[in-house]
Amino acid sequence: MDIQHAVAQPPLVIRREDYRPPAWLVPDTRLAFDIDPAATRVHATLSVLRNGAHSEPLRLDGAGQTPLSVVVDGVAVNDWRVEDDQLFIPLSGDAHSIETEVEIAPDRNTQLMGLYASGGNICTQCEAEGFRRITFFPDRPDVLSRYSVRLTADRARFPVLLANGDPVAQGDAGEGRHWAEWNDPFPKPSYLFALVAGDLQVNRDSFVTESGRTVELGIWVRAADLPRTDHALHALKLSMAWDERVYGREYDLDVFNIVAVDDFNFGAMENKGLNIFNSRYILADPDTATDYDYDGIAAVVAHEYFHNWSGNRVTCRDWFQLSLKEGFTVYRDQGFSADQGSAAVKRIEDVRGLRAAQFPEDSGPLAHSVRPDEYQEISNFYTATIYNKGAELIRMMATILGPTAFRAATDLYFDRFDGIAATCEDFVACMEEASGKDLTQFRLWYSQAGTPRVSASLEHQPGGGRATLRLGQRVPPTPGQPVKQPMLLPLKIRLFGAETGRPLTDERLVLLDSNSETIVFEAVTERPVLSINRGFSAPVVIESDRSPADLAFLSRHDDDPFARYEAMQQLMLDTLVAGAVEGRADHEAAIAAVADTLDNPELDRAFVAEAVLLPSEAFVGDQLSSVDPEAIFRAREALRRDLGRRLEDRWRTAYAQAPQIPYVYSPEEKGKRRLRNVALGYLAAAGVPDAATLAFRQFEVADNMTDRQAALTTLVSSDDDLRIAALDIFYNRYADNPLVLDKWFQTQALSSRDDAAATVAALAEHPDFTLANPNRARSLVGAFGVNQRAFNRPDGAGYRFLADQLIALDRLNPQTAAKLLPPLGRWRRFDEDRAALMREQLERIVAQPGLSKDLFEQASKSLD
Ligand code: 0A1
Ligand code: ZN
């Protein structure tokens, strides 16, 4: 099952319009696993029902498998055939019992799809199409079945046997083996199937639901990791309470188990009653995890838990509807995280993430709509567009409906589609029905790719007191979609008086639905300043003619914290773009705005830290028609240095505000740590003589990973020899902790030093580096791909390195390889020389014999 499948020529394209309901249904599934890492036997018994009047044979998916036996209604048959990874069985009646047996080898499964081994334990990953690697089954999300599962395994090696649903019974199987049976009463698609067999310890707790049922909770990990599971368990209980309170959703089984594994292609997986997690989203203690890791763990635990309703109880009809569960669930986890601390800071972080990952995707060769029309390999569509832009679509509908109607609409959706495989259209129809609002035009957000650009220009006639706002929208062409229709954009708008700093209007929700529109404000007695897209109410790019002075004004006076942050970012961005294009820029307005923000005692520290951070090099590049990585780097360093020098006293004051010792994970303490570390970065940028000493001292005395890693990050980009010392200390201290060692690789891959590319190439030869573990591969190869200057070295060494790694990784793990390709597809954004060097590597990848479908799709589309 881990054999490479050569790319069929031409590649098979799956189209949304070709959807047909399944020919056969499978109401019940019984599985028996005889676990052995080298040779696991899987015996499946499916009850099948003909779905409607037709004469098609039963067709079961089974990637790379051959059945050892096929039995129909208790009788062995041999009139079956296997063709293109499907088992065809002719059936005469409308209802039958089908048994198959296969043998698979989890210990040779390097793709980490299906049944595989991680750290000596056995686990599954079935989304999207992994179940067909385990047994023959109609492996599509609209075939919902009730599963009962029996696991048999060696008791000493695999003392713990888990599967979906509730435990039924367990016992001794003789010869040192034991068995356990699990039953999941909720019909589910095969992608939600899971089992785990391993030597694990559990952190247990319980949760009493709103209706008084007690749920046993368990987080299962290696014994040594047990002390690092409390934060995740706490987050799970918070999530369960939150979903009851905010969405009226209660948990429905007697147990909820989470298992952490080290080898995992994504973040985590929402299998019914048995979530399987990448260990990086479970394990945390102050010494090994940063505040950022703590936040990520809570968000992912919540995300997977929320899928129990948005994804599991209501699932997807087909994979084109992926955003139905993912966009909605991201929206839900964002709401949960916002409620745990500062909602404004959470919104800033989410928008920053959207701009870093989704905007570039939407403007590049891999752009696709939130509900795509076609794909070659579905694994390639677990993207920022499906997840994060998908979440923005839900947020816009929530804004348009208002909170009461939105809640009524989600209630209707959960109620109507419980136990059903639904579509994005079903969701939107519920939004309309519960609110009485017409979302016909809004639906374009699901079908049109590309980030809309909104122009905004405000004119004031002082005499008449009238202000006129001219808005325009343009949706850029994307692959396969040259011409776009105007979309419905919900824009929150407010005017502020330039002299008094007071609001001149209420906040208005403008629904821009045409290519241009004019809005008139009366009785505007002072010069107005425009605050637009407040709270980032629509995922668009705003092109306004606001002056640096107006942006600086908003950064001081806007009452919407996101808009305030945004004004500051725009001011910085304009300054950096000018610096990159013209070689120099006036830094005064930005310096004054940062000074005022630092001086404002009313702002929370976490917000201040976000607001004073400069936009990333990549984001500056996204504003330019041709990216010059060196010029952007120089412009950004110049502004950082000026901010550092001119505001040195303030940075020193901020740095002196030490958070509590010992470490406390709370919004307030997090905010203090963040601002302190941002201040350290600016002091280093200023080149103050004690910067390296300050960083090294912090590195040594810190009682937590947040401060230690921040200090290391500062040192790793410096020329000081303390950098080498810190890297050595860090490595030796954490050599046996893979998640922390990932940080060691990643920090170096993100260094801004001139020798970063050479360092990364050397690290790829380090004994601790391996492509077999996705976290490790991402920590070096993935991080390097976002180090704009190092990756885009003019000699093309960065491009060659990435291509070499992807070709090697593809042989082991095509999904993870394909995920790391996008930086090479950005060639159109660079000068001709770089573009040619990037294309050369893409062509080399496409020409590899035996390339996976995954990498082929991404690389070939990136060449177009
Ligand atoms: N549904 C999961 C994401 C996921 C997707 C694919 C996976 O394996 C290939 C694993 C996880 C989520 O949204 O968390
Ligand atoms: Zn998800």
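Taken together, the values in this text are just the output of simple stated rules run on the coordinates, not laboratory data. Because the structure is a prediction, the values reported are computed rather than measured. Here the Cβ positions follow ideal geometry from the backbone for every residue, glycine too, while neighbour counts run over all protein chains shown.
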Potential extension, ALA343-ARG527 segment - 0.36 nm per residue separation minus Cα distance: 63.2 nm
Rough spin-label spacing in nm, given labels placed 7 Å along Cα→Cβ, for ALA39 and VAL13: 4.5 nm
Alpha-carbon centroids, region 36-108 and region 309-340: separation in whole Å: 32 Å
Paramagnetic reach from THR440 (point 7 Å along Cα→Cβ, amide N under 20 Å) across region 480-515: 484-490, 511-515
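Between ARG828 and ASN600, what length comes free when the chain is fully extended (0.36 nm per residue of separation minus the Cα-Cα distance, one decimal in nm)? Write down the numbers at each step before the final one.
On the way: separation 228, 0.36 × 228 = 82.08 nm, distance 4.26 nm.
Computed gain between ARG828 and ASN600 is 77.8 nm.
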Inter-label distance for GLU588 and ARG508, nm, one decimal - labels placed 7 Å from Cα along Cα-to-Cβ: 3.5 nm
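Subtract the Cα-Cα distance of ASP721 and GLU499 from 0.36 nm times their separation in residues, and report this length gain in nm to one decimal.
Numbers: separation 222, 0.36 × 222 = 79.92 nm, distance 5.15 nm.
Here the answer is 74.8 nm.
Considering only DSSP beta bridges where both residues belong to the chain, give the percentage that are antiparallel (nearest 5). Show your work: numbers first, answer last.
Numbers: 99 of 125 bridges.
Of all bridge pairs located within the chain, approximately 80 percent are antiparallel.
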Between region 768-820 and region 563-622, the alpha-carbon center distance in angstrom: 31 Å
Distance in nm between pseudo-label sites at ASP205 and LEU412 (7 Å out along the Cβ direction from Cα): 3.6 nm
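Which residues make up the longest stretch of the chain clear of GluC sites (Glu not before Pro) that lie in a DSSP loop with no more than 14 other Cβ atoms within 10 Å, not counting the sites?
Values: sites that count: GLU175, GLU210, GLU499, GLU522, GLU602, GLU765.
No qualifying site falls inside 211-498, the longest such stretch.
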Eligible lysines near LYS670 by straight Cα distance, threshold 22 Å, same-chain separation 8 or greater: LYS237, LYS346, LYS743
Label point at ALA76 placed 7 Å out along Cα→Cβ; residues across region 30-63 whose backbone nitrogen lies under 15 Å: none
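For ILE420, ILE297, ILE219, which order do you get if you count the other beta carbons within 10 Å of each Cβ and list the fewest first?
Result, fewest neighbours first: ILE420, ILE297, ILE219.
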